[in-house]
1. Does region 296-303 include one or more residues that are part of a helix (DSSP H, G or I), at pLDDT below 90 and closer than 22 Å to residue 111 by Cβ?
2. Taking only pairs six or more apart or across chains, which ones have beta-carbon atoms under 6 Å, a first residue in region 682-703 that is over 12 Å from residue 671 (Cα atoms), and a second residue that is modelled with pLDDT under 85 and in a loop (DSSP other than H, G, I, E, B)?
3. Among helices (runs of 4 or more DSSP H) lying entirely in region 223-278, which contain 1 or more residues that are surrounded by fewer than 18 Cβ atoms within 10 Å (Cβ to Cβ) and assigned by TED's automatic domain parsing to the domain that holds residue 360?
4. Quick one: is residue 185 touching a helix residue (DSSP H, G or I) at 6+ places or on another chain (Cβ under 8 Å), assigned to a loop (DSSP other than H, G, I, E, B) and farther than 20 Å from residue 90 by Cβ?
5. Any chance region 536-543 includes a residue that's farther than 30 Å from residue 483 by Cβ and part of a loop (DSSP other than H, G, I, E, B)?
6. Taking residue 106, is it over 23 Å from residue 156 (Cα atoms), at pLDDT below 90, in a loop (DSSP other than H, G, I, E, B) and within 41 Å of the chain's Cα centre (by Cα)?
7. Given the criterion surrounded by fewer than 23 Cβ atoms within 10 Å (Cβ to Cβ) and free of Cβ contacts under 8 Å to residues at least 60 places away in the same chain, identify the matching residue among 496, 539.
8. For residue 190, all conditions in the list (1) touching a residue at least 40 places away in the same chain (Cβ under 8 Å); (2) crowded, with 16+ Cβ neighbours inside 10 Å; (3) not in a helix (DSSP H, G or I) hold save one; what is the number of the exception?
């Protein structure tokens, strides 16, 4: 920088928001001197390559430190004001500047060359050009309610594509482009731009509103746009404009005139259609067949009407209240894209390599939800409007039983009118679905990790069945919420370890102890404890009984049916014995975990969901037991009495065993349940038989017989430790 530069004879303050080159041209016009004189006085290069090329000089894009200091010294304008007169404040927000060359990257954020203009504003200001007119995002004047003009009507060139001719004195308000006749030294067009015809728009219309939103954002480009779709923290302006560009490109490439009719008046739509018919100028080096490709996916629209409609259509989606609302707003657009034959992949619904925000990607994916494969809906979690991409969640397999928890299987399994499940092994299929939620693992791997025997085809068919069910979307949502709950809170049981420990075990309990209990409780005891073994395997591992060791696994449909009947016909004393046995088995392996566990989601999580099965806790155990008519009853009859499904009744009876035995065996069952406590009172607390009988409100003979059967050595009558004997 040269020291001691002279001040200009006349100092003119720049207009608020004015472009730097516009201000310098205005100064040259006031001084009635060639433009090169002003450039030389300010220390700016006037023989730069850009002065003769079809690009603006670098100092109009971003000023260097020396250039800032030189202009400030000569004009007295602060460096911050000068920097704001270039595109530098918008770099990384509304435009992308290549730092090495100080050029606009036209392939990012719809970068463009030249400037649009409002003739009425030029007339009001004496030919001053705002810097924001250079941005593709400026398409309308919200002061005069007109679309900006793209070209000079006389020479048909875009204004301010290059620097003003340095040997000529600027004429503000007139076109400085070369005249159409051309030549090595063409004359200037000098057409008055203040009288160019304009296209009016409604002051309170959607086009003007879209421009006002952009203008507001451009006043503080570094501030995030707090639109509901982007969450409470909002999103940076460049993210919002990148999403706008993506949606706008889809609109320009695929929307029909009927789609756009609600957005703009007929004259604006007419301009749009003329532009879409031939978006490239005749001098474009691109091949003719490229004119009909997805041009607007990277190139800024060359017509303000096209930009206005594209941005307004995009804002209708981006200004939605949430992802689901945005999906509904975008469905017409993605339908048009799909109808054109362009593939829409779940992982990238726009195009490979196109970067959009997670919120918009989720909205576009949700707009195609009914067309996605069911497994893709699970992986991308579309039913919960997720913005999270699929990831490796195979660790969730340790938290999942091979068959989904009975309570959740009851709620989530679709059933036929007869009450039969819509698919066999629904509990196993639901467990695999829970592992696939938000997961990248293949279906075959998910089946292996959960330890089930279903096939990949079974899983795909089941998920397809779910999507066709009236409540299928709610089932998928519940499965995803359940998977998220496990990822967040974990589970107190390591099901993978239990499957490894107990799946190959051929025996779980002493057959003689089970037979003895059967004799005391049932009039027709079963000598074979195989159902009890299956119950223990099922309870410990969470795996269906058919996955157990071949020695105890039910091999035929009849055996599986008998085991299911055993589960809901089990007596309380039998269930207690089996639970104590399960606890002992876990203790033997040093496993400090609960015997059973079922995840519980917060009440609000499932609010509004219509699930195919009833809520397990909608009927209390007390109400269930009161409704049972006697020892011989029908599940279907009990379901009708309770106004629920047979599957619900079977689940309740399995979880809350009922003492349905005849009175004599009911008393025997009570005796078997209390015998251990009576023995403790008798041996440790030294209570007499009569005292125990009084406490239990039963007979002395019942207490005596129960203790003898349990191997208790009775004391002689009238004796107890510490009591003096009679002489």
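The values are calculated or read from the model by the stated rules, or taken from the named source; none is laboratory data. All values reported here derive from a predicted model rather than from experimental measurement. Here the Cβ positions follow ideal geometry from the backbone for every residue, glycine too, while neighbour counts run over all protein chains shown.
1. Looking through region 296-303, at least one residue is part of a helix (DSSP H, G or I), at pLDDT below 90 and closer than 22 Å to residue 111 by Cβ.
2. Note: pairs meeting the criteria are 686/720.
3. 257-260, 266-277
4. For residue 185, the condition - touching a helix residue (DSSP H, G or I) at 6+ places or on another chain (Cβ under 8 Å), assigned to a loop (DSSP other than H, G, I, E, B) and farther than 20 Å from residue 90 by Cβ - is not met.
5. no
6. Considered against the rule, which asks whether it is over 23 Å from residue 156 (Cα atoms), at pLDDT below 90, in a loop (DSSP other than H, G, I, E, B) and within 41 Å of the chain's Cα centre (by Cα), residue 106 comes out as no.
7. Only one candidate passes the filter, namely 539.
8. Of the numbered conditions (1) touching a residue at least 40 places away in the same chain (Cβ under 8 Å); (2) crowded, with 16+ Cβ neighbours inside 10 Å; (3) not in a helix (DSSP H, G or I), the odd one out for residue 190 is (1).
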